[in-house]
Amino acid sequence: MDLKEYVFLGKELKDTYVVDVHIHVGGSTRYQKPGNDADSVVYTMDRVGVDVVCASCSPGAYCDWKWGNEMCADAHEKYPDRIKAYAVVNPHYTFDLDAYFANSDRFLGLKVIPFVQGTLPIDCPGLQPYYEYADKYGLPVLFHAWMASEVKDATAVAKRYPNARFIFGHSGFTAFEESVAACKQCDNVLLDTTISDTYDGALERLVNAVGVDRVAFGTDLTAFECSHILGRILLSRLSDTDKEKILGLNAKQFLKL
Ligand SMILES: [Zn+2]
C-alpha cells in the first residue's frame, strides 16, 4: 500500500516511522483547543500513527518557565519512548541548564521563542549562554522562525554555534528565500513543516529548493490538530521514499533518537 492510501482509507500509519519535531503540551490563552495533556497527545499519536513527538510547554514559553518545563518533563517521564521534551529558555532569566541536561535525561533540547517573552530577537544577548551550552553539548534547539528577521537571526546563531543543531520551526514561512539561504550556509539547520494554513505545492517547492534531507515533520499539536499536516505530506507529489525521510528518518538522524 503506498502512503497516499492511508489517507484515503483513514488508517493510522503503522509501518512508517513518524516523528513530530514540534508540538506543545499545556494550555495557552492563544489556542483554546482541549486535550493538551500527555494522555491526549498519545491518544492522537496512536490515532494517526505518530511514533515520537518532541514537545515544549506553552505555559513555559508564555508565563512560568519553571512550572512549564516541569510539566513537559513530567509528560516525557509518563511516556518516555513517545514524548521527548524541549526546555523553554527565557532571555530575561539565568537557568541552570546542568539541572536539566547534565544531571538528568529528562530533556532532549531547547525551545527558543523570545517574541512572546518581551518581543526580544532570537540573537539577543540574553540567549547567548543557552546557545553556548547547546553548542558545547551538541543539543538540538527549536526556534520559532516565521519572519525574515527571525530566520536571519537564527541563521547567524547557527553559524556562530556550529556544534549545536537548529530546527527552524515553520520553515520561516514568510521568509522562503532566507530559509533556503540558511540551509545552504549551515549544515546544522533543519526546517520543519509546522503551518496552520498553506498553499498547494508549498512543500514540493521547499524540498526542491533545500533538498529532502533538510525538511522534517512538525505540526504545532496541541495548538492545532496534526492530521492536516500529515495529510499534506502524504498527499504531496513527493515519492514515498522522500515522504518517509520527512516524516521521521531525517528527525531520527538529526535528533539522534
Ligand atoms: Zn509551535
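Output needed: Cys residues of the chain lacking any neighbouring Cys C-beta below 4.7 Å, sorted by number.
By the Cβ distance rule, which asks for a partner under 4.7 Å, the isolated cysteines are Cys54, Cys63, Cys124, Cys183, Cys186, Cys226.
What net charge is computed for the residues neighbouring Pro114, neighbours being all others with C-beta under 15 Å from the C-beta of Pro114, Lys and Arg scored +1, Asp and Glu -1? Numbers along the way, then the final one.
Values: positive: Lys111, Lys152; negative: Asp123, Glu150, Asp153.
Result for the local shell: -1.
Springs between alpha-carbon pairs under 10 angstrom, Gaussian network model over the chain: which of Cys72, Cys183, Cys63 fluctuates most?
Its mean-square fluctuation being the largest, the pick is Cys63.
List the residues whose amide H sits under 5 Å from the amide H of Lys111, counting only those 5 or more places along or on another chain, with H placed 1.01 Å from N in the peptide plane.
The list, which skips near neighbours in sequence, is Ala87, Val88, Val89, Leu142.
Straight-line reach from Lys14: which aspartates and glutamates have Cα under 16 Å away, leaving out those fewer than 8 places along the same chain?
Asp2, Glu5, Asp46, Asp51, Asp240, Glu244
Leu120 to Arg160: extension gain in nm, 0.36 nm per residue of separation minus the Cα-Cα distance? Working shown, then result.
Working: separation 40, 0.36 × 40 = 14.40 nm, distance 1.88 nm.
Length gained, Leu120 through Arg160: 12.5 nm.
So what is the 222 nm mean residue ellipticity for the chain from helices alone, if each DSSP H run of at least 4 adds -39500 (n - 2.57) and you divide by all residues, rounding to the nearest 500 deg cm²/dmol? Each step should come with its number before you reach the end.
Details: 12 runs with 101 residues, N = 257.
After summing the helix terms and dividing by the residues of the chain, the value is -11000 deg cm²/dmol.
List, in the order given, every pair from Lys11/Lys184; Lys4/Lys152; Lys33/Lys136; Lys152/Lys256 whose Cα-Cα distance in the structure shown is over 28 Å. Before the final figure, lay out each step's value.
Values: Lys11/Lys184 37 Å; Lys4/Lys152 35 Å; Lys33/Lys136 37 Å; Lys152/Lys256 26 Å.
Flagged as over cut-off: Lys11/Lys184; Lys4/Lys152; Lys33/Lys136.
Just Ala85, Ala182, Ala156 to compare: in a GNM of the chain, with alpha carbon springs under 10 Å, which one fluctuates most?
Ala156
We did not get these values from a lab; they are worked out from the coordinates using the rules stated. Because the structure is a prediction, the values reported are computed rather than measured. In this analysis, Cβ positions are derived from the backbone assuming ideal geometry, glycine residues included, and neighbour counts consider all displayed protein chains.
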